[in-house]
Amino acid sequence: MLEDCKSALERWGGVHRLIDRWLDERRDLLVNFVELKEACDAELEAVTKERIDAFSELLMDYISAGHFEVYPQLREEARAFADEEALTLADRLLQRLEMSTELVLDFDADYASPGRVRQHLGRLPAWLARLAHGLTERFSLEDELIGRIHARHAPDAAREEAAARPS
């Protein structure tokens, strides 16, 4: 039993670190988002392509890490625990996440070149409002996914659940 606990800790502890790193990236993304929004509010014409690129890069990195690192790991964890309910929920949530992914890709395309930045700069505040709404929903869905799959199967949760069972 101790060996099972140790191997679970080794296996899912890595997922925990992956999620922690990803949530740190989320925080950095939000800080950058607020700074870009404040710059738009202060003087829209002074917002540079470099500033938009820095935000867009963080945004794309965050979305990519979710799709290619975090979500597959969470699905693998649910499969390893034979948690069909969690897999069904993951499928449903991942489908809903696609809307905000498309929004992010559209934003990135609109500001991909200096000419496009000049063409779309006036719409940047509206874009940021749309992104704020889309990302708020995305973060909520991601938190639900993490909470339902990883938090439920994490080694500490397994030990607490086992301790709560009558002997």
Count charges around ARG21 for me, please; just the other residues with Cβ under 12 Å from its Cβ, Lys/Arg as +1, Asp/Glu as -1.
-> -3
Using a 1.4 Å probe on the protein chains only, how many percent of the accessible area of the stretch 9-121 belongs to carbon and sulfur?
-> 52 percent
Unit Cα scatterers, Debye sum, the stretch 71-152: log10 I(q)/I(0) for q = 0.17, 0.18 Å⁻¹ | -0.71, -0.75
Global size of the stretch 8-108 as Cα Rg and Dmax, reported in angstrom = 16.8, 54
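The values are calculated or read from the model by the stated rules, or taken from the named source; none is laboratory data. Since the structure is predicted, the reported quantities are computational estimates derived from the model, not experimental observations. Because the Cβ atoms are built from the backbone with ideal geometry, glycine has one as well, and the counts that use them run over all protein chains shown. Ligands, DNA and RNA are excluded from the accessible area calculation, which covers all protein heavy atoms including side chains. Shrake-Rupley method; radii C 1.70, N 1.55, O 1.52, S 1.80 Å.
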